[in-house]
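Some notes on the structure that comes next.
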Amino acid sequence: HLHGSCHCGAVEFEFDSSAPVPFMRCYCSICRKTSGGGGYTINIMGMSDTLQVTKGKDTVRSYRAVKDKSVPKSEQVLCQNRYFCPTCASYLWAHSEEWPEWIYPYASAIDTELPVPKQMTSIMLENAVEWADPRNIPGRDTGNEMFDEYPSYSLEQWHKDHSGI
């Protein structure tokens, strides 16, 4: 059972997770621009039916980004809902209609101590900006997995494969 909150304290939430290790960094342009100063975001996974907003439920807002703004507006596809605090703009969790059983909380919004990953995975590197691309950082840990797009496994599968965390 995990607890999270925004920076200003206006929103607090809790949920259950069988996949709490913050191991995957997403470098897509949407994550980079909406939720991280480091050029990426890290989400964990939770069960959506266990999500309870215990403080500030009526204040939470959401945003749906366009997946590819280069296509004509009539062909644009929206991605998952990203929920945030409107007071301090802290990104809290994401939810996709494509996978309704899951929520994807932003790891830095979690107040409960999270396990330390033994290895990191970087995804969507085809969209990474040069200054944040881990392949360009001298002395980076070469044991980390790196993918131009999505890996063939899910967050849940990674946790099953790495159960000895």
Review point. Which residue pairs have Cβ atoms under 8 Å apart, sit 6 or more places apart or on different chains, and have a first residue in the range 72-85 that is in contact (Cβ under 8 Å) with a residue 60 or more places away in the chain and a second that is part of a helix (DSSP H, G or I) and among the basic types (Lys, Arg)?
Key: none
Practice item. Considering only the range 85-127, give the strands (runs of 3 or more DSSP E) lying wholly within it that have at least 3 residues that are of a type in the set (Phe, Trp, Tyr), in contact with a Lys or Arg (Cβ under 8 Å, 6 or more places away or on another chain) and on the phi > 0 side of the Ramachandran plot. Key: none
Check your understanding: Quick check, is Thr34 of a type in the set (Val, Ile, Thr), out of contact with any helix residue (DSSP H, G or I) (no Cβ under 9 Å at 6 or more places or on another chain) and either on the phi < 0 side of the Ramachandran plot or not in a loop (DSSP other than H, G, I, E, B) (or both)?
Key -> yes
Revision key, fill the gap. Within the range 3-25, the residues that are buried (at least 20 other Cβ atoms within 10 Å of the Cβ), of a type outside the set (Gly, Ala, Ser) and assigned to a strand (DSSP E or B) are Phe13, Phe15, Met24, Arg25
Check your understanding: Taking the range 71-84 on its own, how many of its residues are among the hydrophobic types (A, V, I, L, M, F, W, C) and in a loop (DSSP other than H, G, I, E, B)?
Key -> 2
Revision key, fill the gap. Sole miss for His162 among (1) modelled with pLDDT of 75 or more; (2) under 30 Å from Phe13 (Cα atoms) is condition (1)
Point to revise | Every residue from the range 82-125 that is β-branched (Val, Ile, Thr), within 17 Å of Glu14 (Cβ to Cβ) and either in contact with a Gly (Cβ under 7 Å, 6 or more places away or on another chain) or open to solvent by 60 Å² or more (accessible area, probe 1.4 Å) (or both) | key: Ile103, Ile110
Review point. Restricting the range 131-156 to residues that are open to solvent by 50 Å² or more (accessible area, probe 1.4 Å) and among the aliphatic types (A, V, I, L, M), which is modelled with the highest pLDDT?
Key: Met146
Review point. Name the pairs whose Cβ atoms lie under 9 Å apart, with the first residue in the range 46-57 and within 14 Å of Tyr104 (Cα to Cα) and touching a residue at least 24 places away in the same chain (Cβ under 8 Å), the second of a type outside the set (D, E, K, R) and open to solvent by 50 Å² or more (accessible area, probe 1.4 Å), and 6 or more positions between them or separate chains?
Key: Gly46/Ser18; Met47/Ser18; Ser48/Trp99; Ser48/Pro100; Thr50/His1
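The values are calculated or read from the model by the stated rules, or taken from the named source; none is laboratory data. Here the structure is a predicted model, which is why all the values come from computation and not from measurement. Cβ coordinates were reconstructed from backbone atoms using ideal geometry, including for glycine residues, and neighbour counts include every protein chain displayed. Note: areas computed on protein heavy atoms with side chains; ligands, DNA, RNA excluded. Shrake-Rupley method; radii C 1.70, N 1.55, O 1.52, S 1.80 Å.
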